[in-house]
Amino acid sequence: MSPLPDDRRPLISEDDRDAAVRRLQDAYAEGHIAHDDLDGRLHQVLTVRTHSELKSALASLPEENAGTTSTIAAAGGRIRRRGAWRVPRTLKVESAFARVHLDLSRAVIEHAVVDIELQLGTGRARITLPRDATVDVEGLRTEWKDTLYKPHPHPRPGGPKIRITGTMGYGRLKIRHARQ
């Protein structure tokens, strides 16, 4: 069977369309395209049906950033992120003795998948997720206490996937969804 021509490829998904809109907004915010160009390209992205049409709407934009990695480290005390903060694609949290609280419930999450790598000695860790997030803790190794996580009883589709990996020594990780 021969491959389909570019114009015959399956229709674009809403995720493809949303990613294209974000890419245009980023290009405008970084000064790569003018306001008039943004308006025209947004209209094009919101009305196209095929991947080739979508590709032409994004032509001449800089390559998409694959994501960023940030590291938060502390020997002791507290590591805390809450409110409206921008979550990187990969977040590394390192501490020998600190308590960790990451509240993602109101954070700006621009990636479909966010990797959180924990390297914790002792101390507790708590992660609060948006209601529509899904969690994967298969890559997390705990030495002393099991991770406490109860999946949301009524998950909303379309949220980010949070993958938690790494090692926890003698603390406990509690994961919960926001109540809002």
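Observations on the model:
- Any hit, region 146-156, residues being out of contact with any strand residue (DSSP E or B) (no Cβ under 8 Å at 6 or more places or on another chain), closer than 30 Å to ASP16 by Cβ and without any contact (Cβ under 8 Å) to a residue 24 or more places away in the chain: yes
- Just one of the listed residues (GLY83, GLY31) is under 25 Å from ASP132 (Cα atoms) and assigned to a loop (DSSP other than H, G, I, E, B), namely GLY83.
- Total residues in region 106-126, condition under 8 Å from the mean Cα position of the chain (by Cα) and under 24 Å from THR142 (Cβ atoms): 3
- Near pairs, Cβ below 6 angstrom, 6+ apart or cross-chain, from region 120-134 (without any contact (Cβ under 8 Å) to a residue 40 or more places away in the chain) to any residue that is crowded, with 16+ Cβ neighbours inside 10 Å: ASP132/GLY159
- Residues located in region 113-133, provided they are surrounded by fewer than 18 Cβ atoms within 10 Å (Cβ to Cβ) and farther than 18 Å from SER70 by Cβ: GLY121, THR122, ARG124, ARG126, ARG131, ASP132
- Hits in region 31-73 (condition: in contact (Cβ under 8 Å) with a residue 12 or more places away in the chain, charged (D, E, K, R) and under 19 Å from GLU110 (Cα atoms)): GLU64
Each reported figure results from applying straightforward, stated rules to the coordinates on display, with no laboratory input. No experiment lies behind these values; they were computed from the predicted model shown. Counting neighbours? That spans all protein chains shown, and the Cβs are built from the backbone with ideal geometry, glycine included.
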